[in-house]
Amino acid sequence: MPRRSRTEQQIAHSARYRVQVTRRGPDALVAALPGKIDNEESEEVGRLLIALVDAAVPVRLDLSQTSGLDTGAVAALFRMLRAARQASVPVTAHQPGPGVREALHTSGLDRAMDCTDQPA
């Protein structure tokens, strides 16, 4: 496997710090995505989200503190949802703010997963 450059390592570290995962009992994982997910870190964030799907329990995306989704972040969510659909793992977006809700709607992601105003 090729070595990552220092910049790639910093992005990977930032993405791991960015996705805050907690378990909600035996039946769900909550992934909080605070701040704006930008194109630079979206690929690594996507890999981390897909890894959550591998746990084979429902995933709740806590978007209450997410301030924005760049196109790369939308693509990462699409990849995660594709993996979730193939694994029959439900994904729900919780408490997206107006800007994030608009990005979900514009991209069609709001039709690919449940969205709710309830806390994760």
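The values are calculated or read from the model by the stated rules, or taken from the named source; none is laboratory data. Values in this document were obtained by computation on a predicted structure and should not be read as measured data. As a convention, Cβ positions derive from the backbone with ideal geometry for all residues, glycine included, and neighbour counts pool all protein chains shown.
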Give the residue that is surrounded by the fewest Cβ atoms within 10 Å (Cβ to Cβ), with candidates limited to residues of segment 104-117 that are free of Cβ contacts under 8 Å to residues at least 24 places away in the same chain and either touching a Lys or Arg at 6+ places or on another chain (Cβ under 8 Å) or of a type in the set (Val, Ile, Thr) (or both). Thr106
Specify which of the listed residues (Val45, Val100) is more than 11 Å from the chain's Cα centre (by Cα) and closer than 18 Å to Gln20 by Cβ. Val100
If Lys36 passes every condition in (1) exposed (fewer than 15 other Cβ atoms within 10 Å of the Cβ); (2) not in a helix (DSSP H, G or I) but one, which one does it miss? (1)
With the requirement that a residue be part of a strand (DSSP E or B) and either touching a residue at least 60 places away in the same chain (Cβ under 8 Å) or out of contact with any Asp or Glu (no Cβ under 9 Å at 6 or more places or on another chain) (or both), what does segment 59-68 give you? Val59, Arg60, Leu61, Asp62, Thr66, Ser67
Tell me whether segment 93-103 contains one or more residues that are without any contact (Cβ under 8 Å) to a residue 24 or more places away in the chain, charged (D, E, K, R), in a helix (DSSP H, G or I) and surrounded by fewer than 18 Cβ atoms within 10 Å (Cβ to Cβ). yes
What do you reckon, is Gly72 free of Cβ contacts under 8 Å to residues at least 40 places away in the same chain, in contact with a strand residue (DSSP E or B) (Cβ under 7 Å, 6 or more places away or on another chain) and not in a loop (DSSP other than H, G, I, E, B)? no
Would you confirm, using the coordinates I've provided, whether Gln9 is at pLDDT 95 or above, loosely packed, with under 13 Cβ neighbours inside 10 Å and of a type outside the set (Val, Ile, Thr)? no
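Conditions tested, residue by residue: (1) under 12 Å from the mean Cα position of the chain (by Cα); (2) within 18 Å of Lys36 (Cβ to Cβ); (3) at pLDDT 95 or above.
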residue	(1), (2), (3)
Asp62	yes, yes, yes
Ala76	yes, yes, no
Leu81	yes, no, yes
Gln95	no, yes, yes
With Ala83, Ala120, Ala51 as the choices, which residue is in contact with a helix residue (DSSP H, G or I) (Cβ under 8 Å, 6 or more places away or on another chain) and surrounded by 13 or more Cβ atoms within 10 Å (Cβ to Cβ)? Ala83
